[in-house]
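In what follows, a single structure is set out as structure tokens and then discussed.
The values are calculated or read from the model by the stated rules, or taken from the named source; none is laboratory data. What you see is a predicted model, and the numbers here were worked out from it, not measured in a lab. When we count neighbours, we look across all protein chains shown, and the Cβ atoms used for this are built from the backbone with ideal geometry, even at glycine.
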Amino acid sequence: MPVTDPTRRFSSRVENYVRFRPGYPSPVIDLLRKECGLTASTVIADVASGTGIFTRMLLEKGSRVFGVEPNAEMRKAGEEFLVAYPHFTSVEGLRKRQLWRITALNWSPPPRPPIGSIVRRRGVSSCAF
């Protein structure tokens, strides 16, 4: 039976997602630095953070990252993957200055609340596939 709730899509496949999901090209961080002002002091809400693949890239550059993942199984895998990073916090929702939404945007429903209510005024939101 197909999963109708997109936040549950990977619940039964987390182990395979962890093993086979490719990473992101490192130039995406350079692009975010250049175009969005990403720095080591940037505080980020990584919405649909999944198992933390992109989150780790941000943490390795020194950013404080709040991983927002609606799927409990994916969130748990991300917490385990990122346990060594003291600047990582796993949450269900938070208002932050920068919002990065990576490949999950292509399958997730429109964000609720709207992205404008998550990112602070004059903040930045970015999407990469």
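Values for this structure:
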{"read-out": "Meets criteria (touching a helix residue (DSSP H, G or I) at 6+ places or on another chain (Cβ under 9 Å) and not in a loop (DSSP other than H, G, I, E, B)) for Lys76", "value": "yes"}
{"read-out": "Members of the stretch 37-58 found to be among the hydrophobic types (A, V, I, L, M, F, W, C) and closer than 19 Å to Arg21 by Cα, listed by number", "value": "Val47, Ala48, Ile53, Phe54, Met57, Leu58"}
{"read-out": "Residue in the stretch 22-76 that is surrounded by the fewest Cβ atoms within 10 Å (Cβ to Cβ), counting only those that are within 17 Å of Pro86 (Cα to Cα) and of a type in the set (Asp, Glu)", "value": "Glu60"}
{"read-out": "Filter pass, Val18 being in a helix (DSSP H, G or I), surrounded by fewer than 23 Cβ atoms within 10 Å (Cβ to Cβ) and modelled with pLDDT under 90", "value": "yes"}
